[in-house]
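Encoded as structure tokens, the structure appears first; notes follow it.
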Amino acid sequence: MRILALGGAGEMGRVAVRALVDDDRVDQVVVTDLDQRQAVRVAHALGPKVSGLGLNVADRGELLAAIRDCTVVVNTVGPYFRFGVPILSAAIEAGRDYVDICDDWEPTLDMLAMNDRARAAGVTALVGMGASPGIANLLAVTAARELDTVETIITGWNIQAAQHDPSPSNAPSAAIVHGIRQISGAIRVTRSGVLVDRPALERIEFEYPGIGAACGRSFGHPEAVTLNSVYPDLQNNTNIVVGDRFTLAGLSAVRFCVDHRILSPTQAARVVASAERMLPANPANLLKPGGLPPLFAVATGTHGNAPATAATALAQIPGLTMAENTGIPLAAATLLLASIRRPGVHTPETLIDPDTFFATLAPHCIGNPAPTAMTSTTRSWSTPRANADSLATSVLTAFLTPNPNRPPAESQCGSCW
């Protein structure tokens, strides 16, 4: 397998390439960057299987030539609302399989609309295979399997866990540019069985079995517009961000400034980048006793003809950085493509079986956990003891296990601001 890692010299790309080169099925990885010296420098550090290539992905001729010289395209060039569609289009034209970590809902829908082109070209394309989207989609499928019918899905992630390494140039990263776009203006979600546009950062309240009442803020992500393809009767579907009161209040302030044209999106991105440099996240502070997991999905519907809720959290993690928890799942899914090729454009929930994926991811996680320990599922119809035992399978046990001294459930929503 010869892999073209577009953006492979970047934060996410480097982690993905490091995981890929350790696999015997991978013969060579070509790391690209706009700066050829950076591409060569990163390639040299990653070993003899890796070579560096200076490449401008906006130059279609240059891009096509590089793609035709590979087996699979792994795309970590963001923001995807700029680069997702043209790069996938080039991969389809060249007849090469494709995987990315697209986290914008708009280009996700545009890329899914290229399904017929991909099928005709014999190309299997997997869009949005990181943490959220990616793992979050598969957690949603795992939770939904517990129910007889599925009416509502919430996928959620902790905003502090998404902080990236600061850029050497101090310029806002593609992740921050993406975030500004997805917390401002309107985002697309599912309401009453229909895709609709709603203001970003709406308060979403829900019940997490085994933990209690919780809430988050709506965030523009692909899960909210793609899970409907697996659950056509889904009535409500939202991706949410959770975090401490200070951080969520800050997001709301940024949204207000962008929506009222006090700041341009570019200026807002610079403000957020500066704030991250001054107030870096501490992974040890991401989890609170009795609080929500860093990455989870909650499905509601029916079980045994009664209303029911099931929640599944990622219980084991590849690392403590956003790059590791995004790039390593991307690499794991790339390695699965050869055995599950199905021409067309897919999202994780339509192409990958969750159990197969988590078994593939397990050896890359801290402590080399068993595949069966990768997720933690709790159910509204289970006993408190059973839910506590399920949460106790997590590497995050001390934080996810319900705290008997926790304040009443209704006060927990206050942390959502």
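What follows is calculated from the coordinates using simple rules that are stated; it is not laboratory data. Since this is a predicted model, take the numbers as computed values, not measurements. So basically every Cβ, Gly included, is an ideal-geometry build from the backbone, and we count neighbours across all protein chains shown.
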Review point. At what distance in angstrom do the alpha carbon centres of segment 91-144 and segment 16-74 lie from each other?
Key: 20
Exercise for review: Just grab the label-to-label distance for ARG68 and ARG2, each label 7 Å out from Cα along the Cβ direction, in nm (one decimal).
Suggested key: 1.2
Check your understanding: Could you give the dipole magnitude of the chain about its Cα centre, charging the beta-carbon of Lys and Arg +1 and that of Asp and Glu -1, in debye to the nearest 20?
Key -> 520
Practice item. Please give the length that would be gained between ASP22 and LEU34 if that part of the chain were fully extended, namely 0.36 nm times their separation in residues minus their C-alpha to C-alpha distance (nm, one decimal). Key: 1.8 nm
Practice item. Given the options THR377, THR149, THR266, state which has the largest fluctuation in a GNM of the chain using a 10 Å cut-off (strictly under) for Cα springs. Key: THR266
Review point. How high is the relative contact order of segment 86-161, in percent, counting Cα pairs under 8 Å that sit 6 or more residues apart?
Key: 30
Exercise for review: Can you tell me how much longer the chain between ALA113 and ARG385 gets when fully stretched, taken as 0.36 nm per residue apart minus their C-alpha distance, in nm with one decimal?
Suggested key: 93.3 nm
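Round to the nearest 0.05 the FRET efficiency obtained for LEU195 and ASP59 when R0 = 30 Å and r is the Cβ-Cβ distance.
On the way: r = 34 Å, r/R0 = 1.15.
Between LEU195 and ASP59 the formula returns 0.30.
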**Study point:** Computed [θ] at 222 nm, deg cm²/dmol, the chain (DSSP H ≥ 4; -39,500 (n - 2.57); rounded to nearest 500)
**Key:** -10500 deg cm²/dmol
Exercise for review: Determine, from the Cβ-Cβ distance of GLU205 and LEU320 and an R0 of 25 Å, the FRET efficiency 1/(1 + (r/R0)^6), rounded to the nearest 0.05.
Suggested key: 0.30
Study note, to complete from the structure: Within the set ALA186, ALA140, ALA125, GNM on the chain using Cα springs under 10 Å gives the largest fluctuation to ALA186
Study note, to complete from the structure: If R0 = 41 Å, then SER264 and ALA45, at their Cβ-Cβ distance, give a FRET efficiency to the nearest 0.05 of 0.65
Study note, to complete from the structure: Here the relative contact order (percent) of the chain, from C-alpha pairs under 8 Å and at least 6 apart, is 20
Review point. At what distance in nm do the modelled label points of PHE256 and ILE366 sit from each other, each positioned 7 Å from its Cα along Cα→Cβ?
Key: 3.6
Check your understanding: Considering the chain as a Gaussian network with a 10 Å cut-off on Cα pairs, which listed residue, LEU391, LEU320, LEU20, attains the greatest mean-square fluctuation?
Key -> LEU320
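Based on other C-beta atoms within 10 Å, arrange CYS102, CYS215 from fewest to most.
Details: CYS102 32, CYS215 19.
Final ranking by Cβ density, sparse to dense: CYS215, CYS102.
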